[in-house]
1. Has region 204-211 got at least one residue that is surrounded by fewer than 19 Cβ atoms within 10 Å (Cβ to Cβ) and under 25 Å from residue 140 (Cα atoms)?
2. Taking region 1-32, which residues are small (Gly, Ala, Ser) and either surrounded by 22 or more Cβ atoms within 10 Å (Cβ to Cβ) or at positive phi (or both)?
3. For region 104-118, which residues satisfy the criterion of being over 14 Å from residue 177 (Cα atoms) and either in contact with a Gly (Cβ under 8 Å, 6 or more places away or on another chain) or without any contact (Cβ under 8 Å) to a residue 12 or more places away in the chain (or both)?
4. Suppose we filter 160, 164 for residues that are basic (Lys, Arg) and surrounded by 17 or more Cβ atoms within 10 Å (Cβ to Cβ); which single one remains?
5. For region 189-207, check the following and say yes or no: at least one residue is within 21 Å of residue 284 (Cα to Cα), at pLDDT 95 or above, outside any loop (DSSP other than H, G, I, E, B) and not polar (S, T, N, Q).
6. Looking at (1) of a type outside the set (D, E, K, R); (2) surrounded by 23 or more Cβ atoms within 10 Å (Cβ to Cβ); (3) under 16 Å from the mean Cα position of the chain (by Cα), find the lone condition where residue 130 falls short.
7. Which of the residues belonging to region 263-293 are closer than 16 Å to residue 218 by Cα and small (Gly, Ala, Ser)?
8. Quick one: which of 312, 301 is buried (at least 16 other Cβ atoms within 10 Å of the Cβ), under 19 Å from residue 210 (Cα atoms) and out of contact with any helix residue (DSSP H, G or I) (no Cβ under 9 Å at 6 or more places or on another chain)?
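The values are calculated or read from the model by the stated rules, or taken from the named source; none is laboratory data. Because the structure is a prediction, the values reported are computed rather than measured. All Cβ positions, even for glycine, are placed from backbone atoms using ideal geometry, and neighbour counts span all protein chains on display.
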Amino acid sequence: MQSPRIPALAFATPRKLPRPGDVDGKVVVLDVAFASEASGGGFDKLTKPFIDGLGSRLVMWVDHHDHDLHAKYASDPRFLLRTKAQHGACPEMITPELVSRVGPVDTVVCHIDFDGLCSAAKWIRGGHEPYPGADDDARAIDTRIGAPSAVAVRMDRALRARSRDTALLGFIVRHLATGLTDATLWKPIDEAGATLVVMEKETRAIAEHYAPLTLSAVAGPRSAVWVDATESHGRYDKTMLLLMGQERADIAILLDRDTLSLAAPFDSGFNFLSILGLSGGMPTLVSVPRSRLSDTLARLGASAADTERIVG
């Protein structure tokens, strides 16, 4: 395959989108969820101004996260919106037919995880996988079901260590978009991944403090564990810590300085969005302001004694 033209890249999260004036020309948005109330402003203050600001320059938005407002855009051909249950990862939604229909774009806006970066690379490659099995790797990493390949693990570790490093994000998209042909691009990726070792040690130490509690309102009695990682803010791997909690109970509850996170296995059937009254996001992984701690525990059915012990 001929080396593809790499358009301008912009990296985003639902709560931190680029300003429309800062992205050039025709724009495609990949793997960026519509913001919910948990994103500090919600759709009306975060997502809608971005959509309206781009106007006709927005040529396609592809995403696989749940949101109540997907239906509003169902008839707009610029939006390909599905749920997490329909597509465990975004790259599998990007096909040669879709890319061909949209035509050339000037800027790709994508999410900052492996799923989003792989989506960007696949778009740049005309809807073709960066390497055989890349779609499956993205699904395994985004759902944490199955074992991703060594290629994906190297990139995922780098991203978990330095997810806000835009230079690193660019290296990964370029490496994927060029089919992993430039071996020198592994150097910054592996250097970033190596820094995760220290974070993993801190994460294991925090996980020793997970404490049990019983929840009565989530589809019958369910087990849960909770831990407060505020003292280690910024020094641990959040993904790893939540997964370690899920090894101990049905639900992992993580408190940090300003945030409360809930996680359950992708195939557990839990829907924290409906439980917490959120309009969008991932049903089995949500983060809300820590100020919602008492309300969240009440909705989950925590006992008064457990609530007092956690809230203080």
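1. Scanning region 204-211 turns up at least one residue that is surrounded by fewer than 19 Cβ atoms within 10 Å (Cβ to Cβ) and under 25 Å from residue 140 (Cα atoms).
2. Within region 1-32, the first condition is being small (Gly, Ala, Ser), and the residues that meet it are 3, 8, 10, 12, 21, 25.
Correct list: 25 only.
3. 105, 106, 107
4. One residue alone meets the criteria, 160.
5. Yes, region 189-207 contains a residue that is within 21 Å of residue 284 (Cα to Cα), at pLDDT 95 or above, outside any loop (DSSP other than H, G, I, E, B) and not polar (S, T, N, Q).
6. (3)
7. Selection gives 263, 264, 268, 269, 274, 277.
8. The match here is 301.
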